[in-house]
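Written out below as structure tokens is the structure these notes cover.
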Amino acid sequence: MEVIGIDWGLGCNSIHFIDLFTLLSGTSEMKCDFSAVEKKIIPSKRKGYVEFLGTVEVTSSRGDKLMLSSLKDYSGDSVIRITAGDDYYEFFESKSLMIQNGEDKAIRAMYQSELTEITATEILVSRDSPLTSFEESSLLHIAFLKEAVSFYNAIVGSNGDSCPIT
């Protein structure tokens, strides 16, 4: 799986793609590699927070790969690419387009408010949640944040236990 685009918030948004990746790969055991992230801190649009540019590589315990690239000088359309066996998907949210195995299909990305209503209704009706469990989400966040904190500390020259991302 690959996510690539221009300055999309590598620090604050990666966890959402990691969550999808673990759902698709079937395992929440993973490692994050920040070695291809630019060695500088970018001010976030939110005061007091930071962002990163570059690429984070995530590898599952099965060997599946996720490349998360937020680049300053990227000139293409933001895209999510997923390869699964012989199947290949490209999602261009800004164009409302999915390409599945070379065939264009119109899609519509739902707003968070629409997704919240669907999810809340499902929880109320079925008494079961389709969301990632707290336990699994914690594992994903810890794996990502452990590396983000280490990366941040190396750049700013500190030994803290947090990274100011949203």
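Please treat every number below as a calculation from the coordinates, not as lab data. Quantities reported herein were computed from a predicted structural model and do not represent experimental measurements.
Sort region 1-122 into rounded, prolate or oblate with this rule: let a ≥ b ≥ c be the square roots of the eigenvalues of the Cα gyration tensor; rounded if a/c is under 1.5, and if a/c is not under 1.5, prolate when a/b is larger than b/c, oblate otherwise.
rounded
Using a Gaussian network model of the chain whose springs link C-alpha atoms within less than 10 Å, name the residue from Thr83, Thr119, Thr22 with the highest mean-square fluctuation.
Thr119
Against the longest alpha carbon principal axis of the chain, how many degrees, from 0 to 90 and to the nearest 10, is the axis of helix 134-156 turned?
Roughly 30 degrees between the two axes.
Given the DSSP H assignment, sum -39500 (n - 2.57) over each helix run of at least 4 residues in the chain and divide by its residue total; what's the result at 222 nm in deg cm²/dmol, nearest 500?
Dividing the helical sum by the residues of the chain leaves -11000 deg cm²/dmol.
Gap in Å between the Cα centre of region 7-41 and the Cα centre of region 81-100?
Computed from Cα coordinates, the inter-centre distance equals 19 Å.
Please find, in a Gaussian network model of the chain (springs between Cα atoms separated by less than 10 Å), the residue of Asp87, Asp128, Asp64 whose mean-square fluctuation is greatest.
Comparing Asp87, Asp128, Asp64 in a Gaussian network model of the chain, the most mobile one is Asp128.
From the Cα gyration tensor of region 69-156, with a ≥ b ≥ c the square roots of its eigenvalues, which class applies: rounded if a/c is under 1.5, or else prolate if a/b is larger than b/c, or else oblate?
It comes out oblate by the Cα gyration axes.
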